[in-house]
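Structure first, then comments.
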Amino acid sequence: MRSGAVEGLTTVEKLPSFYGEDRLVLLTRDPYWLFAYWEVTPATRQQLEMEGQRSWEHLNLALRVKRYATAMENEGCFHIPINHTADNWCIEVGVPDRYYRVELGAQIPEKGFVALLCSNTVKTPRDEISNVIDENWRLPDWQARRLYRRIARGSISSLEMAIRGGGSIHLERRDEC
Amino acid sequence: MLTPKGYISFIFHAHLPYVRHPEYQQSLEEKWFFEALTECYIPLLRVFQELAEDNINYAVTFSLSPTLLSMLEDPFLQERYTAYLAGLQQLARKEEERTAGDVRFAPLAAMYRERLDYAAYLFHEKYARRLVNAFRDLQEKGKLEIITSAATHGYLPLLAVQKEAAYAQLVAGIDYYRRIFGKASRGIWLPECAYDPVLEDMLGELGLQYFITATHGVLYASPRPKYGVYSPILTPGGLAAFGRDPETSHQVWSAREGYPGDYLYREFYRDIGYDLELDYIGEHLHPAYLRGNTGFKYYRITGPDNHKEVYDRQQALQKAREHAANFKFNREKQVEYYGGVMDRPPLVVAPYDAELFGHWWFEGPQWLDFLCRMMHGQQYVEMITPSQYLDRGYALQLSTPNISSWGDKGYHEVWLNAKNDWLYRHLHHAAERMVALATAYPQAEGVQEEALKQAARELLLAQSSDWPFIMTAGTMERYAQVRVSKHLNRFLALERQIRENNVDIPWLRAIAAADNLFPNLDYRIFQSLESTVPVEKEEAGAGIGGIS
């Protein structure tokens, strides 16, 4: 017999589907993947519809993913076509230790990509030992090898992640980004 | 004092989400807390106290999450635990009668009775229901170093889209610790060891001195750490980051080779709550007559299949002793190896979930007891807390830790995947609204202040890392959805009422009585960071190692 009281705990309350705010938020998941979610208000949609001369459903909506080596140094971008009902996307970026920013917009004939919303900037984690070495904090190479080899033996495997995320991401020329 | 060849830092992280359901006679979720008390925290406290009574030198770090502390301090839950424990004691006596004369089972029934009687002694007689005082006593004796965590164990890297949300989690956790323990926490357990350099400014500003990361948090730091994870690094915010040692983690956690899976140890999944007739056991189940664990388990792991033999306590303890000796031996070999490479004694950082010890690994507390006794008086590997290590004054290398967590795959996926990613738009929206409220009403009084405080509590409760974790794990998923939707909707309603200056007072008082943690919470901790003056830094405790 299951007490009614316990069953009462299973009511999930509905949360708002929209908050009435334009928003595009980017989150880091791991060295190779990001997650973005967004909300576009009707007024903002309309702007893009006017720009593209067609309704939201018929626009070629896309995410433009921009990659930076440092917070300022743009390495290029790529586009992901999205459907008009989507409000979130898992983005495979494929390169650890980089900064990313995403724009939501549409590919419009003769105008190219027209951005509507811009996200915050995030960084992917490094997936290997850093190549940056502080000379004041350097072990002789043979010692460093001994140290790191043993640690690596007991550490989590990054191999699996490298295999999963290893697909090459083709970046477009910087002037298109 | 002789310098040891190396150090080991044991860090036990104790945390449960805030679970308190006065609206129900019994709740399955409150049982998480009662079980953890009976099977983990009290047995560990017993070990720590007995070691102290026997003048054994040991140093262990214990992080107590603010939600767990709040539950330990809550009179309603103390009352409920009293009834729960009394019920188990009654069952223990019935079990002694039922097994009387059976040479295999009777000693086990007696063992459970003795353990429960001890729990009742510690809870009622020694600490008058306030087990927090047991931890405080051990801290004051210099045996335990207790550290805080984020207020409701929010997963900070994913909340930090609004810096104020992460900041409020940290401040509320630090403040609650200070109220309970009367001093500042020197370290912090970042929930799930989840770290992102965006947290650095806040951590430094709040006067914290150290935190723990997953192995690759320090191993993949940049510049490359000279000593790998065997010395802390100094982060840009001026804290020490201690990276987890993979070997000690593997020895305890590995499903295949880890100690807890030994065939002589107690089998977790054979419990009289499932095995005995409902007529006999039903009234002792929680909730009553719902099949579940009672903690009375009479079998050992035995082997990989379903055939189980009766648990032999003496054999299991002997095995725990062997495992403690093995652990000690391996640490000696480990520090010998790293000592040959490093120009300072290596520090092995071994963090564990406290709930592993006693609940899943029944013999875990005894293993720790044996280990501390074996390490007592030897100079080879010294037990040390992170603070004690920092006080030794080793220079620390300046380096920025890598984004990381101790979850599956090492990053944020456990808390951000198809099962729970919908949550973040709501959490971020609510945090943004809370920041706007706290900034717009800096001087609230009366009902308005009560409502703002409660809004802050509801938001903090919604932010617990436990909800997305449970959704990923797929067990009790519904409960996580209920909780998160309830707290968010309460927040949204309060936000609207505050804005409209139309607070529903009876309703506010009702939810404030139900979601009652952090009584002294200052909602202004959510104020926009651009409009506030940094909080005063904690008066310096011992400084941490210099940069060289």
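Here are a few things to note about the model shown:
- The GluC sites (Glu not before Pro) of the range A:63-151 that meet both conditions, a loop assignment by DSSP and at most 11 other Cβ atoms within 10 Å of the site Cβ, are A:Glu73, A:Glu110.
- Residues whose placed amide H lies under 5 Å from that of A:Ala62, excluding near-sequence neighbours: A:Ile82, A:Gly105, A:Ala106, A:Gln107
- Calculated from backbone phi, Karplus (6.51, -1.76, 1.60) coupling profile of the range B:186-203 in Hz, x at Gly/Pro: 6, x, 9, 8, 6, x, 6, 6, 7, 10, 8, x, 4, 7, 3, 4, 5, 4
- Distant-in-sequence amide H partners of B:Thr400 (H built 1.01 Å from N, under 5 Å): B:Ser222
- Near B:Trp406, once Lys and Arg are set to +1 and Asp and Glu to -1 for all other residues with Cβ below 13 Å from its Cβ, the sum equals -3.
- As a proxy for reagent exposure, B:Phe268, A:Phe18, B:Phe211, B:Phe469 were ordered by neighbouring Cβ count within 10 angstrom, fewest first; the result is A:Phe18, B:Phe268, B:Phe469, B:Phe211.
- Calculated FRET value between A:Arg138 and A:Asp22, using beta carbons and R₀ = 56 Å, to 0.05: 0.70
- Between B:Val103 and B:Ala473, the FRET efficiency from the beta-carbon distance, with R0 = 51 Å, is close to 0.80.
- The phi torsions of the range B:234-241, fed into the Karplus equation with coefficients 6.51, -1.76 and 1.60 and a -60° offset, translate into couplings of 9, 8, x, x, x, 9, 9, 10 Hz, rounded to whole numbers, with Gly and Pro shown as x.
- In a simple Cβ point-charge model (Lys, Arg +1; Asp, Glu -1; nothing else charged), the protein assembly as shown has a dipole of about 1080 debye relative to its Cα centre.
- Qualifying GluC sites (Glu not before Pro) for the range B:407-462 [loop in DSSP, other Cβ within 10 Å: at most 14]: B:Glu445
- Pairs of lysine residues in the range B:6-410 - Cα separation under 22 Å, sequence separation of 8 or more or cross-chain: 14
- Computed Kirkwood radius, in angstrom, where 1/r is averaged over Cα pairs of the protein assembly as shown: 27.4 Å
- The overall shape of chain B is oblate: from the C-alpha gyration tensor, with semi-axes ordered a ≥ b ≥ c, the ratio a/c is 1.5 or greater and a/b is no larger than b/c.
- Residue order for B:Lys163, A:Lys14, fewest other beta carbons within 10 angstrom first, comes to A:Lys14, B:Lys163.
- Using the Cβ-Cβ distance between B:Gln378 and B:Met111 with R0 = 35 Å, the FRET efficiency computed as 1/(1 + (r/R0)^6) comes to roughly 0.70.
- Charge context of B:Leu517, other residues only, Cβ under 13 angstrom, K/R +1, D/E -1: -1
- Spin-label model distance (nm) - B:Asp312 vs A:Ile108, 7 Å beyond Cα toward Cβ: 8.1 nm
- Segment B:Asp54-B:Lys419, length gained on full extension (0.36 nm per residue, minus Cα span): 126.4 nm
- Signed unit charges on C-beta, dipole axis of the range B:6-410, positive-most listed residue B:Phe357, B:Tyr289, B:Ile11: B:Ile11
- Whole-Hz ³J(HN,Hα) from phi, Karplus 6.51 cos²θ - 1.76 cosθ + 1.60, for the range B:499-515, glycine and proline x: 4, 8, 6, 9, 6, 7, 5, x, 5, 4, 5, 5, 6, 5, 6, 7, 9
- The distance separating the Cα centre of the range B:320-353 from that of the range B:1-46 comes to 25 Å.
- Cα gyration tensor shape of the range B:416-526, rounded if a/c is under 1.5, else prolate or oblate by comparing a/b with b/c: prolate
- For B:Tyr352, residues with placed amide H under 5 Å, excluding near neighbours: B:Ile11, B:Phe12, B:His13
- Within chain B, percent of DSSP bridges classed antiparallel, to nearest 5: 20 percent
Laboratory data are not the source of any read-out in this text; all were calculated from the coordinates shown. Computed from a predicted structure; not experimentally measured. We place every Cβ from the backbone using ideal geometry, glycine too, and count neighbours over all the protein chains shown.
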